[in-house]
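Engineer: Following this message is one structure expressed as structure tokens.
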Amino acid sequence: MSTITKKINGAIIVFTLASLFANIVFDFFAVKKILSETYDTFLTQIAYTGASYFKGDKLERYARDGLKSEEYKDTLIKLANLTENTDISFLYVVIPEMPDCKYKTYVFNVVNTKLRDRFNPYHAGYKEDTSDSSAARFKRLMEKGGLEIDSSMFSQTGARTRVSLAVRDSTGKKVGVICVEKQMDTLTSVLKNYIRIDLLYAPIVSLLFFICFGAFISKKFVRPIVCITKEANGFASHDARFSDKLKGIHSNDEIETLARAIEKMGIDIQIYIKDLMRVTSEKERISAELSVASGIQAGMLPKNFSPYPDHPGIQLYASMIPAKEVGGDFYDFFWTGKDKLWLVMGDVSGKGVPAAMFMVIAKALIRNEATLEYEPSAICERVNDQLCAENEQGLFVTCWLGCVDLSTGLMKFANAAHNPPVLYDGQEYKFIREKSGIMLAAMEGSQYVQHEIQLKKGSRIFLYTDGVTEEQNKDGQLFGEDLLLGVIAKNAALSAKEKIEAVNEELERFAGGSSQADDITALAFYLDELAGAQSAVANEKILDLPADDDKLEDVLNFIKSNLPDGVSNDLINKLDLAAEEIFVNISHYAYEGATGKAQIVCEKPAPNSIKVSFVDWGIEFNPLEQPDPDFTQSAEERRLGGFGIYLTKQFMDKVSYCRQDGKNILTIEKSFA
């Protein structure tokens, strides 16, 4: 027997038994529901009728006096007649003891005469413990009023249903509960007969159904399907071809259609394999070209973020993370003249190669116009007109363009519908929300407003594209401007590079693994010092250079060039030793292994003296706090380190240290008189 035959036979058996069981259960509950509802309606009417035979104001007196009261006797007789005439099992009225109803006092308790051999009625005033379920039911009725219906198929006396109704006095206060209970003999009998008949005849009918239906299924469906399965299984080993067995299937139904479709599939697969090989080859070629294009695009963006010898007082860093192989975002920074630094941030509409090509054109036009010394607003207008002239694809560019005069701190800028930059003015981080113009390449002849901001020492600018603020997490929430401002402010102490990295890390954490929908581009600019700031000392000379051991010779030569004539070789050697000790310490430890920047400042306080300050922007460290070596100890016992700074203090007239504006400044002074 084939596997599919076993499965189909098994499925038929399971289905038949499941249907049989479901039918029995469904009919059982359907009959039960109909009869239960009939009993529920009947008992509810009796409960209301019984409650009308007495007044709630007299329940406590009835419970106290009982049969001593003629009125109580008359009411009891009415309730007994109601019980017998309607053939209910029990009718009783109780006063639950609040607040938890753990005890109840019987007022009336009537038992049908048919049940007197098993149950005796309680007399008026009889007090009894209440079960937890009954106590909860009484408490609900005494608090909320109304009525409750509950049925049970498995009580001690068989199937029964019960209606409980709250009794009120003339003021509407709930003073007791009347309960009416009926043994559902009819329901029990019908259900037993139904189950007996179903269990006797249903298996016989099911077996006959299984034999007939199984034979029919095997002939009409299983055998053709087994044939098709074997042919499909051998398809790969027969050079993607089928045998003639499929042609023998003539069932005039979907199975024959399936057989013909599988035959056609063999032909289609052969064609598909050839097409797939061609498409795969083409896709690999396009992927290789896109990889080259991505490298070309990345190479067009500035990557030199190292300290600038002509501009030591600034920090610059930027990054662009494309959503596809190539993107439409771009940033740029460049100088025109000695002290004018241009900052550019742009975003081309669309993605992929078209956006990248349009980005290259826009970036080149902006830089070209800036070199012609146009103002930011004029550059936007000229670039807009040039892009509109050859824009058949209907692309456009949002762009922020600013020029910072590093000698004065004045920044002129124009905005072409780009995201507002973040500015730190020395006190707080805020968005520059000045009036913006329309996107570049959107409409020829557009005008753009130029704005000015006076930057000062310590000012910072953060530029970005909408890929930052519109980054989404898995719940569809946007990163937004508030989160961006918070991340920038939280990382205020970081360098420009570290801040960009911190923002990118926060974006990745926020996305939580969801795919990147747009290019993410950001640029940070720090103005730590103005290029035009003049030294308070007229004869001050400054050397800016990387904090690298390879630059030690430049440091020593710079100091020597500022010495007065006639200085002895002995004093020069002592200066060299002190300068080497300090500069090497900066290069090794100030930036924790990374390459930072250093500044050497030489002054002549007097004709025959020199003052040299070593400045770095690394971690705070005062070498003068280190204790001097203890020369009373042996070489083995003596603590390592500290000898170089000790000699520096011995050779120089004065050595001092201070931490100012995030900089370490160590100063040595020596007189040659």
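Engineer: Which length gain, in nm to one decimal place, applies between LYS497 and LYS338 when the Cα-Cα distance is subtracted from 0.36 nm times their residue separation? Provide the component values of the computation, followed by the final result.
Structural biologist: Values: separation 159, 0.36 × 159 = 57.24 nm, distance 2.38 nm.
The span from LYS497 to LYS338 would gain 54.9 nm if fully extended.
Engineer: Can I ask one more? Give, as a single signed number, the net charge of other residues whose beta carbon lies under 15 Å from the beta carbon of VAL567, with Lys and Arg counted +1 and Asp and Glu -1.
Structural biologist: Here the charged neighbours net out to 0.
Engineer: Using mean Cβ contacts within 10 Å as the protection proxy, how do 44-51, 485-492 order, highest first?
Structural biologist: 44-51, 485-492
Engineer: With all protein chains present and a 1.4 Å probe, how do SER515, SER671 order by accessible area, largest first?
Structural biologist: SER515, SER671
Engineer: Still on this structure, I have one more. Can you sort TYR646, TYR72 by 1.4 Å-probe accessible area, starting with the largest?
Structural biologist: TYR646, TYR72
Engineer: Taking the Cβ-Cβ separation of PHE305 and ILE269 as r and a Förster radius of 56 Å, what is the calculated FRET efficiency to the nearest 0.05?
Structural biologist: Calculated transfer efficiency: 0.55.
Engineer: Can you compute the FRET efficiency between ASP549 and GLN516 using 1/(1 + (r/R0)^6), with r the Cβ-Cβ distance and R0 = 41 Å? Round to the nearest 0.05.
Structural biologist: With R0 = 41 Å, the Cβ-Cβ based efficiency is 0.50.
Engineer: In square nanometres, what is one fourth of the surface area of the convex hull spanned by the alpha carbons of the stretch 449-514? Present the calculation step by step, with values, prior to reporting the outcome.
Structural biologist: Values: hull surface 22.9 nm².
Average projection, Cα convex hull of the stretch 449-514: 5.7 nm².
Engineer: Amide H neighbours of VAL167 under 5 Å, at least 5 residues apart or on other chains, H built in the peptide plane: list them.
Structural biologist: VAL175, GLY176, VAL177, ILE178
Engineer: If R0 is 22 Å, what FRET efficiency do you get for ARG433 and LYS456 from their C-beta distance, rounded to 0.05?
Structural biologist: 0.65
Engineer: For HIS250 and GLN650, calculate 0.36 nm times their separation in residues minus their Cα-Cα distance, and state this gained length in nm to one decimal.
Structural biologist: Length gained, HIS250 through GLN650: 133.0 nm.
Engineer: What is the sum of charges around VAL422, taking Lys and Arg as +1, Asp and Glu as -1, for the other residues whose C-beta is under 15 Å from the C-beta of VAL422?
Structural biologist: Working: positive: LYS430, ARG433, ARG460, LYS490, LYS499; negative: ASP425, GLU428, GLU434, ASP466, GLU481, ASP482, GLU506.
Net of charged neighbours comes to -2.
The values are calculated or read from the model by the stated rules, or taken from the named source; none is laboratory data. Keep in mind it's a predicted model, so treat the numbers as computed, not measured. A quick note on method: Cβ atoms are made from the backbone with ideal geometry, for glycine too, and the neighbour counts reach across all protein chains shown. Side chains are part of the model used for accessible areas, which takes the heavy atoms of the whole protein and leaves out ligands, DNA and RNA. Shrake-Rupley method; radii C 1.70, N 1.55, O 1.52, S 1.80 Å.
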